[in-house]
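Reading through the C-alpha coordinates given below for one structure.
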Amino acid sequence: KGVAVVATAALAAGAAITAIVKASSDAARELTFLSYSANTSAENFQALAFAAKSVGFEVKDLSDVYKDMSDRVGDFIATGAGPAADFFEKIAPLVGVTADQFKRLSAPDALQLYVSSLEKAGLSQSEMVFYMEALSSESTRLLPLLMDNGKEMEAMAQHARDLGVVLSDIEVQRLADTAGAFRDVGAIFGNVMDNIAIAFSPIINEVAKEFSGAAIEAGGFGTVVQKAMRKSVTAI
(Lines give C-alpha, C1' and ligand atoms only; values in the text may rest on other atoms or scores of the structure.)
Protein backbone atom coordinates (compact mmCIF):
# COMPACT_ATOMS: atom_id res chain seq x y z
CA LYS A 1 0.00 0.00 0.00
CA GLY A 2 2.84 2.39 0.91
CA VAL A 3 4.58 1.71 -2.39
CA ALA A 4 1.35 2.47 -4.26
CA VAL A 5 0.98 5.79 -2.45
CA VAL A 6 4.58 6.76 -3.24
CA ALA A 7 4.16 5.72 -6.88
CA THR A 8 0.95 7.75 -7.18
CA ALA A 9 2.61 10.78 -5.61
CA ALA A 10 5.59 10.43 -7.94
CA LEU A 11 3.32 10.26 -10.98
CA ALA A 12 1.38 13.33 -9.82
CA ALA A 13 4.60 15.26 -9.18
CA GLY A 14 5.95 14.25 -12.57
CA ALA A 15 2.76 15.39 -14.29
CA ALA A 16 2.85 18.72 -12.42
CA ILE A 17 6.50 19.34 -13.33
CA THR A 18 5.80 18.48 -16.97
CA ALA A 19 2.89 20.93 -17.03
CA ILE A 20 5.05 23.69 -15.51
CA VAL A 21 7.88 23.10 -17.97
CA LYS A 22 5.49 23.09 -20.92
CA ALA A 23 3.83 26.33 -19.79
CA SER A 24 7.23 27.98 -19.34
CA SER A 25 8.37 26.68 -22.71
CA ASP A 26 5.29 28.08 -24.46
CA ALA A 27 5.80 31.44 -22.73
CA ALA A 28 9.45 31.49 -23.80
CA ARG A 29 8.48 30.84 -27.42
CA GLU A 30 6.00 33.72 -27.28
CA LEU A 31 8.59 35.97 -25.65
CA THR A 32 11.11 35.10 -28.37
CA PHE A 33 8.61 36.06 -31.05
CA LEU A 34 7.59 39.33 -29.36
CA SER A 35 11.16 40.45 -28.73
CA TYR A 36 12.09 39.62 -32.33
CA SER A 37 9.18 41.75 -33.56
CA ALA A 38 10.45 44.64 -31.41
CA ASN A 39 14.00 44.15 -32.73
CA THR A 40 15.39 43.78 -29.23
CA SER A 41 16.71 40.95 -27.07
CA ALA A 42 14.39 38.71 -25.08
CA GLU A 43 16.27 39.72 -21.94
CA ASN A 44 15.71 43.44 -22.56
CA PHE A 45 12.09 42.91 -23.55
CA GLN A 46 11.38 41.13 -20.26
CA ALA A 47 12.83 44.01 -18.26
CA LEU A 48 10.79 46.57 -20.22
CA ALA A 49 7.64 44.45 -19.86
CA PHE A 50 8.19 44.36 -16.09
CA ALA A 51 8.37 48.16 -16.04
CA ALA A 52 5.29 48.48 -18.27
CA LYS A 53 3.23 46.41 -15.83
CA SER A 54 3.53 49.28 -13.35
CA VAL A 55 1.19 51.29 -15.63
CA GLY A 56 -1.16 48.40 -16.34
CA PHE A 57 0.49 47.08 -19.49
CA GLU A 58 0.63 43.37 -20.21
CA VAL A 59 3.38 41.88 -22.36
CA LYS A 60 1.15 41.76 -25.44
CA ASP A 61 0.09 45.41 -24.95
CA LEU A 62 3.71 46.55 -24.92
CA SER A 63 4.49 44.46 -27.98
CA ASP A 64 1.57 46.06 -29.84
CA VAL A 65 2.86 49.57 -29.09
CA TYR A 66 6.35 48.65 -30.31
CA LYS A 67 4.86 47.13 -33.43
CA ASP A 68 2.85 50.31 -34.06
CA MET A 69 6.03 52.37 -33.61
CA SER A 70 7.82 50.33 -36.29
CA ASP A 71 4.81 50.40 -38.61
CA ARG A 72 4.38 54.18 -38.36
CA VAL A 73 8.05 54.85 -39.11
CA GLY A 74 8.02 52.37 -41.98
CA ASP A 75 4.84 53.88 -43.38
CA PHE A 76 6.29 57.39 -43.41
CA ILE A 77 9.57 56.26 -44.98
CA ALA A 78 7.73 54.34 -47.70
CA THR A 79 4.99 56.86 -48.51
CA GLY A 80 5.91 60.17 -46.88
CA ALA A 81 2.52 60.07 -45.18
CA GLY A 82 0.67 58.19 -42.46
CA PRO A 83 -0.01 58.80 -38.75
CA ALA A 84 3.63 59.76 -38.05
CA ALA A 85 3.76 62.39 -40.78
CA ASP A 86 2.96 65.29 -38.44
CA PHE A 87 5.79 64.29 -36.13
CA PHE A 88 8.41 63.96 -38.87
CA GLU A 89 7.31 67.14 -40.63
CA LYS A 90 6.76 69.40 -37.63
CA ILE A 91 8.63 68.04 -34.62
CA ALA A 92 11.62 66.16 -36.02
CA PRO A 93 13.14 69.20 -37.79
CA LEU A 94 12.90 71.23 -34.58
CA VAL A 95 14.97 68.76 -32.57
CA GLY A 96 17.31 67.50 -35.31
CA VAL A 97 16.10 63.92 -35.79
CA THR A 98 15.15 62.13 -39.01
CA ALA A 99 13.02 59.18 -40.07
CA ASP A 100 16.15 57.37 -41.22
CA GLN A 101 17.58 57.72 -37.75
CA PHE A 102 14.45 56.10 -36.30
CA LYS A 103 14.66 53.33 -38.87
CA ARG A 104 18.03 52.17 -37.53
CA LEU A 105 16.79 51.88 -33.94
CA SER A 106 15.04 49.02 -32.16
CA ALA A 107 11.36 49.66 -31.44
CA PRO A 108 11.96 50.41 -27.72
CA ASP A 109 14.75 52.88 -28.53
CA ALA A 110 12.69 54.46 -31.30
CA LEU A 111 9.75 54.95 -28.94
CA GLN A 112 12.02 56.55 -26.37
CA LEU A 113 13.50 58.91 -28.97
CA TYR A 114 9.98 59.78 -30.09
CA VAL A 115 8.93 60.83 -26.59
CA SER A 116 12.22 62.57 -25.85
CA SER A 117 11.84 64.55 -29.08
CA LEU A 118 8.36 65.66 -28.04
CA GLU A 119 9.75 66.80 -24.69
CA LYS A 120 12.66 68.59 -26.32
CA ALA A 121 10.27 70.44 -28.63
CA GLY A 122 8.57 71.87 -25.54
CA LEU A 123 5.09 70.50 -26.27
CA SER A 124 2.29 70.89 -23.78
CA GLN A 125 0.72 67.85 -22.10
CA SER A 126 -2.26 67.89 -24.45
CA GLU A 127 -0.01 68.18 -27.51
CA MET A 128 2.08 65.24 -26.32
CA VAL A 129 -1.06 63.16 -25.86
CA PHE A 130 -2.09 64.06 -29.43
CA TYR A 131 1.21 62.83 -30.87
CA MET A 132 1.18 59.71 -28.70
CA GLU A 133 -2.35 58.87 -29.82
CA ALA A 134 -1.26 59.28 -33.42
CA LEU A 135 1.44 56.72 -32.75
CA SER A 136 -0.72 54.20 -30.88
CA SER A 137 -3.95 54.53 -28.95
CA GLU A 138 -2.44 52.83 -25.88
CA SER A 139 0.99 54.44 -25.91
CA THR A 140 -0.11 57.47 -23.86
CA ARG A 141 -0.22 55.27 -20.78
CA LEU A 142 3.53 54.75 -21.09
CA LEU A 143 4.34 58.46 -20.83
CA PRO A 144 5.09 58.39 -17.06
CA LEU A 145 7.81 55.82 -17.79
CA LEU A 146 9.20 57.50 -20.91
CA MET A 147 9.35 61.11 -19.75
CA ASP A 148 12.69 62.59 -18.70
CA ASN A 149 14.52 60.44 -21.26
CA GLY A 150 12.97 57.25 -19.92
CA LYS A 151 14.43 57.60 -16.44
CA GLU A 152 11.59 55.69 -14.76
CA MET A 153 11.50 52.99 -17.43
CA GLU A 154 15.20 52.31 -16.98
CA ALA A 155 14.90 52.32 -13.19
CA MET A 156 12.05 49.80 -13.24
CA ALA A 157 13.83 47.63 -15.81
CA GLN A 158 16.96 47.59 -13.65
CA HIS A 159 14.83 46.70 -10.63
CA ALA A 160 13.54 43.66 -12.53
CA ARG A 161 17.13 42.59 -13.23
CA ASP A 162 18.08 43.12 -9.57
CA LEU A 163 15.16 40.94 -8.47
CA GLY A 164 16.37 38.18 -10.76
CA VAL A 165 13.07 37.89 -12.62
CA VAL A 166 14.67 38.47 -16.02
CA LEU A 167 15.94 35.40 -17.84
CA SER A 168 19.00 35.64 -20.05
CA ASP A 169 18.67 35.20 -23.80
CA ILE A 170 20.32 31.77 -23.49
CA GLU A 171 17.85 30.66 -20.81
CA VAL A 172 14.90 31.85 -22.85
CA GLN A 173 16.19 29.98 -25.89
CA ARG A 174 16.65 26.78 -23.90
CA LEU A 175 13.08 26.97 -22.68
CA ALA A 176 11.79 27.75 -26.16
CA ASP A 177 13.69 24.76 -27.56
CA THR A 178 11.92 22.51 -25.06
CA ALA A 179 8.69 23.19 -26.94
CA GLY A 180 10.14 21.24 -29.85
CA ALA A 181 10.81 18.30 -27.55
CA PHE A 182 7.21 18.35 -26.34
CA ARG A 183 6.03 18.45 -29.94
CA ASP A 184 8.19 15.46 -30.86
CA VAL A 185 7.09 13.46 -27.82
CA GLY A 186 3.46 14.24 -28.60
CA ALA A 187 3.89 13.07 -32.18
CA ILE A 188 5.62 9.86 -31.07
CA PHE A 189 2.96 9.14 -28.44
CA GLY A 190 0.21 9.73 -30.99
CA ASN A 191 1.90 7.33 -33.39
CA VAL A 192 2.23 4.69 -30.66
CA MET A 193 -1.48 4.98 -29.86
CA ASP A 194 -2.33 4.64 -33.54
CA ASN A 195 -0.25 1.49 -33.81
CA ILE A 196 -1.87 0.02 -30.71
CA ALA A 197 -5.28 0.73 -32.24
CA ILE A 198 -4.20 -0.91 -35.50
CA ALA A 199 -2.93 -4.00 -33.66
CA PHE A 200 -6.12 -4.41 -31.64
CA SER A 201 -8.62 -3.54 -34.37
CA PRO A 202 -8.99 -7.17 -35.63
CA ILE A 203 -9.64 -8.32 -32.08
CA ILE A 204 -12.21 -5.61 -31.47
CA ASN A 205 -13.90 -6.38 -34.77
CA GLU A 206 -14.09 -10.07 -33.88
CA VAL A 207 -15.54 -9.35 -30.46
CA ALA A 208 -18.10 -7.00 -32.04
CA LYS A 209 -19.19 -9.73 -34.47
CA GLU A 210 -19.61 -12.24 -31.65
CA PHE A 211 -21.71 -9.81 -29.62
CA SER A 212 -23.82 -8.96 -32.66
CA GLY A 213 -24.44 -12.67 -33.19
CA ALA A 214 -25.36 -13.08 -29.54
CA ALA A 215 -27.93 -10.32 -29.80
CA ILE A 216 -29.60 -12.24 -32.59
CA GLU A 217 -29.42 -15.68 -30.99
CA ALA A 218 -31.84 -15.56 -28.08
CA GLY A 219 -30.66 -17.39 -25.00
CA GLY A 220 -27.12 -17.95 -26.21
CA PHE A 221 -25.57 -14.73 -25.01
CA GLY A 222 -23.63 -16.15 -22.06
CA THR A 223 -21.98 -18.86 -24.16
CA VAL A 224 -21.11 -16.47 -26.93
CA VAL A 225 -19.54 -14.02 -24.44
CA GLN A 226 -17.28 -16.75 -23.09
CA LYS A 227 -16.32 -17.80 -26.63
CA ALA A 228 -15.54 -14.21 -27.62
CA MET A 229 -13.45 -13.59 -24.50
CA ARG A 230 -11.46 -16.80 -25.08
CA LYS A 231 -10.72 -15.67 -28.63
CA SER A 232 -9.63 -12.25 -27.36
CA VAL A 233 -7.30 -13.72 -24.72
CA THR A 234 -5.82 -16.12 -27.26
CA ALA A 235 -5.29 -13.35 -29.78
CA ILE A 236 -3.66 -11.06 -27.21
How much accessible surface area, in Å² rounded to 10, belongs to the heavy atoms of L94 with a 1.4 Å probe?
130 Å²
Relative counts (whole %) of C-alpha pair distances in the range 28-85, using bins that are 10 Å wide
24, 44, 25, 7
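Tell me, what is the Rg over Rh of the range 63-138, with Rh the Kirkwood radius over Cα pairs? Walk me through the numbers before you get to the answer.
Working: Rg = 11.1 Å, Rh = 12.1 Å.
Ratio of gyration radius to Kirkwood radius for the range 63-138: 0.91.
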Name the long-range amide H neighbours of L123: under 5 Å, sequence gap of 5 or more, or other chain; modelled H, no Pro or chain starts.
none
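The values are calculated or read from the model by the stated rules, or taken from the named source; none is laboratory data. Note that this is a predicted model, so its numbers are computed, not measured. Accessible surface is based on the protein model in full, side chains and every heavy atom, while ligands, DNA and RNA are left aside. Shrake-Rupley method; radii C 1.70, N 1.55, O 1.52, S 1.80 Å.
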